[in-house]
Amino acid sequence: SAVISQKPSRDICQRGTSLTIQCQVDSQVTMMFWYRQQPGQSLTLIATANQGSEATYESGFVIDKFPISRPNLTFSTLTVSNMSPEDSSIYLCSARGGRGYNEQFFGPGTRLTVL
Amino acid sequence: SQKIEQNSEALNIQEGKTATLTCNYTNYSPAYLKWYRQDPGRGPVFLLLIRENEKEKRKERLKVTFDTTLKQSLFHITASQPADSATYRCALDADNYGQNFVFGPGTRLSVLP
């Protein structure tokens with residue numbers, strides 16, 4: 001299995017600012033993803049973080065708002081740009097495709113509150 | 001469009017009983033069906049997966065069935081305990097690449113002592 005950590009675990013931010021969330025996996029993985037989970041809701045995929053190339057975004061999410069980096073096989077960042085209160089949510093990093101498993105694992109999440 | 005339903009938003013059962021959660025889907029052909037547990041304020045934790053050519057899978061007190069004809073999976077927790085209280089989500093996975101991975105809305109299970 002993979003152990004995924006995220007930083008920060010939570011933050012309270014002002015409208016118009018940006019926050020970068022870091023995701024670290026304890027082993028090399030093929031795929032990394034970023035999800036958003038609004039209170040009481042299920043998880044929605046934001047994008048697939050591709051190593052060495054631009055992320056692949058789902059409908060309704062754009063790179064200018066959610067720039068993503070993935071410099072290697074164990075690390076990725078998601079930036080929430082020009083935040084508004086509607087961006088208040090939990091952001092989760094996910095990974096799959098490590099050696100010997102095809103389960104998809106999730107980080108603990110970053111709880112973001114935008115004032 | 002793809003649609004996943006889980007039998008109820010919330011389910012209350014007595015400790016020691018078997019909890020049965022249902023996942024139904026339409027407009028999807030999953031290669032895998034996965035069940036996750038999520039506690040408040042935490043990320044989902046993977047529990048079990050079942051492949052499209054498998055009928056049943058067991059792991060300790062957990063049992064999952066998968067009927068691709070009915071487009072339904074059942075998730076059972078036997079001898080339930082208060083510590084099993086959490087939200088359980090099914091997830092459909094069409095391939096091994098993650099982009100066609102879709103979560104259900106979840107069922108919040110409460111096991112009463």
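The values are calculated or read from the model by the stated rules, or taken from the named source; none is laboratory data. Bear in mind that the values here come from a model prediction, so they are computed numbers and not experimental data. Cβ sites come from the backbone with ideal geometry, for glycine too, and all protein chains shown count toward neighbours. All accessible areas refer to the heavy atoms of the entire protein, side chains included, with ligands and DNA or RNA removed. Shrake-Rupley method; radii C 1.70, N 1.55, O 1.52, S 1.80 Å.
By per-residue mean of other Cβ atoms within 10 Å, what is the highest-first order of B:6-12, B:42-48? Can you show the working numbers first?
On the way: B:6-12: 14.3, B:42-48: 19.3.
Highest-to-lowest ranking by the protection proxy: B:42-48, B:6-12.
Roughly how many Å² of residue A:17 are accessible to a 1.4 Å probe, to the nearest 10?
Estimated to the nearest 10 Å², residue A:17 gives 60 Å².
Round to a whole number: what % of the accessible area of region B:1-95 belongs to carbon and sulfur, probe 1.4 Å? Numbers along the way, then the final one.
On the way: 2170 of 4810 Å².
So the carbon and sulfur contribution to the accessible surface is 45 percent.
Per residue, how much accessible area does the protein assembly as shown have with a 1.4 Å probe, in Å²? Please list the in-between numbers first.
Values: 11030 Å² over 228 residues.
Accessible surface, normalised per residue, equals 48 Å².
Report, as an integer, the average count of C-beta atoms from other chains found within 10 Å of each Cβ along B:39-48.
Values: counts 0, 0, 6, 6, 15, 11, 3, 8, 1, 1.
If you average over the peptide's residues, the count of other-chain Cβ atoms is 5.
Report, in debye and to the nearest 20, how large the dipole of chain B comes out about its Cα centre when Lys and Arg carry +1 and Asp and Glu carry -1 on their Cβ. Before the final figure, lay out each step's value.
Details: 15 positive and 12 negative charges, 29 e Å.
Value, rounded to 20: 140 debye.
To the nearest 20 debye, what is the magnitude of the charge dipole of the protein assembly as shown about its Cα centre, counting +1 on the Cβ of each Lys and Arg and -1 on the Cβ of each Asp and Glu? Walk me through the intermediate numbers first.
On the way: 24 positive and 20 negative charges, 74 e Å.
For the protein assembly as shown, the charge dipole is close to 360 debye.
Determine the sum of side-chain charges near residue B:65: Lys and Arg each +1, Asp and Glu each -1, restricted to other residues whose C-beta is under 14 angstrom from that of residue B:65.
Numbers: positive: B:34, B:51, B:55, B:57, B:58, B:59, B:63, B:71; negative: B:52, B:54, B:56, B:67.
Cβ neighbours under 14 Å give a net charge of +4.
Averaging sequence separations of C-alpha pairs under 8 Å and six or more residues apart, then dividing by the length of chain B, give the relative contact order as a whole percent. Don't skip to the answer; put the middle values down first.
On the way: 278 pairs, mean separation 40.2, N = 113.
The normalised contact order for chain B reaches 36 percent.
Considering every residue in A:36-43, what mean count of other chain Cβ atoms within 10 Å of its Cβ is obtained? Provide the component values of the computation, followed by the final result.
On the way: counts 0, 4, 0, 0, 5, 3, 12, 11.
Mean number of neighbouring Cβ atoms from other chains: 4.
With unit charges on the beta carbon (Lys/Arg positive, Asp/Glu negative), name the residue among A:108, B:83, A:31 whose Cα is farthest towards the positive pole of the charge dipole of the protein assembly as shown.
Selected residue: B:83.
At a Förster distance of 22 Å, what's the computed FRET efficiency of residue B:70 paired with residue A:5, Cβ-Cβ distance as r, to 0.05?
Approximately 0.05, to the nearest 0.05.
Residues of region A:80-99 with backbone nitrogen within less than 18 Å of a virtual label 7 Å along the Cα-to-Cβ line of residue A:115, please, listed as ranges.
A:82-89, by backbone N distance to the label point.
Go ahead and set up a Gaussian network model of chain B, Cα springs under 10 Å, then flag whichever of B:37, B:89, B:58 fluctuates most.
Comparing B:37, B:89, B:58 in a Gaussian network model of chain B, the most mobile one is B:58.
If R₀ is 45 angstrom, what is the calculated FRET efficiency for the pair residue B:61 and residue A:24, using the beta carbon separation as r and rounding to 0.05?
Values: r = 32 Å, r/R0 = 0.71.
Given R0 = 45 Å and the Cβ-Cβ separation, E is 0.90.
Can you pull out the cysteines in chain A that have no other Cys Cβ under 4.7 Å?
That list is A:13.
In whole Hz, with x marking every Gly and Pro, tabulate ³J(HN,Hα) for region A:76-83 from phi via Karplus 6.51 cos²θ - 1.76 cosθ + 1.60, θ = phi - 60°.
8, 10, 10, 10, 9, 9, 6, 5
Taking a spot 7 Å from the Cα of residue A:13 along the direction of its beta carbon, which residues of region A:27-55 have an amide N less than 15 Å from it?
Within reach of a label on residue A:13, which here means backbone N under 15 Å from a point 7 Å along Cα→Cβ, region A:27-55 contributes A:35-37.
In straight Cα distance, which lysines are under 22 Å from residue B:63, not counting same-chain residues fewer than 8 positions off?
Within reach: B:17, B:34, B:55, B:71.
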